[in-house]
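Taking it in order: structure first as structure tokens, then the write-up.
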Amino acid sequence: MSAEAMQFHEINFGPCTHAAPRSTVFVEAIAQENLDIWGFVMVRTIYGDDAQWQEFRRRWHKAIQGQMVAEKVAGIEEVRDRLRFLWVEDRMLDGTTPDTVRRYVCLSIRVMLANNNYTDMSIV
């Protein structure tokens with residue numbers, strides 16, 4: 001991927017037009033399931049500029065925190081403290097295919113869960 005393609009761009013969507021926070025399907029589903037943790041796997045597949053990667057993670061964290069507030073999503077306080085992101089960084093995945101990433105992540109999560117090892121999870 002070219003350096004131009006990896007550049008970060010600020011996007012301004014303007015003010016929120018909702019009069020009140022809305023409950024979302026995902027909040028209701030997570031609350032109903034009473035999950036201890038929930039979240040997403042984030043996989044780095046391009047290596048080269050570590051400073052740019054750290055900037056991406058900083059912006060991701062800031063964006064997530066900005067959205068996980070009761071003023072924007074009703075009921076979010078019930079589930080946000082259980083949100084985790086599993087950040088996968090392995091240079092072996094540099095430039096790899098989505099199928100290889102899927103197999104790598106599935107195997108890694110199975111091992112982690114089998115060992116009750118959640119220490120690799122980065123808390124938002």
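The values are calculated or read from the model by the stated rules, or taken from the named source; none is laboratory data. These figures come from a predicted structure and were not determined experimentally. Every residue, glycine as well, gets a Cβ built from its backbone with ideal geometry; the counts of neighbours run over all protein chains shown.
Can you tell me how many residues in segment 34-65 are charged (D, E, K, R), under 27 Å from Leu113 (Cβ atoms) and outside any helix (DSSP H, G or I)?
2
Does segment 66-86 contain at least one residue that is surrounded by fewer than 12 Cβ atoms within 10 Å (Cβ to Cβ), among the small types (Gly, Ala, Ser) and part of a helix (DSSP H, G or I)?
Checked segment 66-86: at least one residue is surrounded by fewer than 12 Cβ atoms within 10 Å (Cβ to Cβ), among the small types (Gly, Ala, Ser) and part of a helix (DSSP H, G or I).
Take the residues of segment 87-106 that are outside any helix (DSSP H, G or I) and out of contact with any Ser or Thr (no Cβ under 8 Å at 6 or more places or on another chain): which is surrounded by the fewest Cβ atoms within 10 Å (Cβ to Cβ)?
The selected residue is Thr97.
Give segment 27-39 a look and list any residue that's surrounded by 11 or more Cβ atoms within 10 Å (Cβ to Cβ) and free of Cβ contacts under 8 Å to residues at least 60 places away in the same chain, or say none.
Val27, Glu28, Ala29, Ile30, Ala31, Leu35, Trp38
Is it fair to say Arg80 is under 30 Å from Glu33 (Cα atoms), under 13 Å from the mean Cα position of the chain (by Cα) and at pLDDT below 90?
Working: under 30 Å from Glu33 (Cα atoms): yes; under 13 Å from the mean Cα position of the chain (by Cα): yes; at pLDDT below 90: yes.
Taking the combined requirement at face value, the residue satisfies it.
Starting from residues that are loosely packed, with under 14 Cβ neighbours inside 10 Å and either in contact with a helix residue (DSSP H, G or I) (Cβ under 8 Å, 6 or more places away or on another chain) or not aliphatic (A, V, I, L, M) (or both), keep the ones in segment 15-26 and report whichever is modelled with the highest pLDDT. Spell out how you get there, then give the answer.
The initial filter retains those residues of segment 15-26 that are loosely packed, with under 14 Cβ neighbours inside 10 Å, namely 15-20, 22-23, 25-26.
Filter once more, keeping what is either in contact with a helix residue (DSSP H, G or I) (Cβ under 8 Å, 6 or more places away or on another chain) or not aliphatic (A, V, I, L, M) (or both): 15-18, 22-23, 26.
Values: Pro15: 46, Cys16: 43, Thr17: 46, His18: 43, Arg22: 59, Ser23: 59, Phe26: 76.
Result: Phe26.
Inside segment 40-65, can you point out the residues that are within 13 Å of the chain's Cα centre (by Cα), within 20 Å of Val101 (Cβ to Cβ) and loosely packed, with under 13 Cβ neighbours inside 10 Å?
Within segment 40-65, Phe40 is the sole residue that qualifies.
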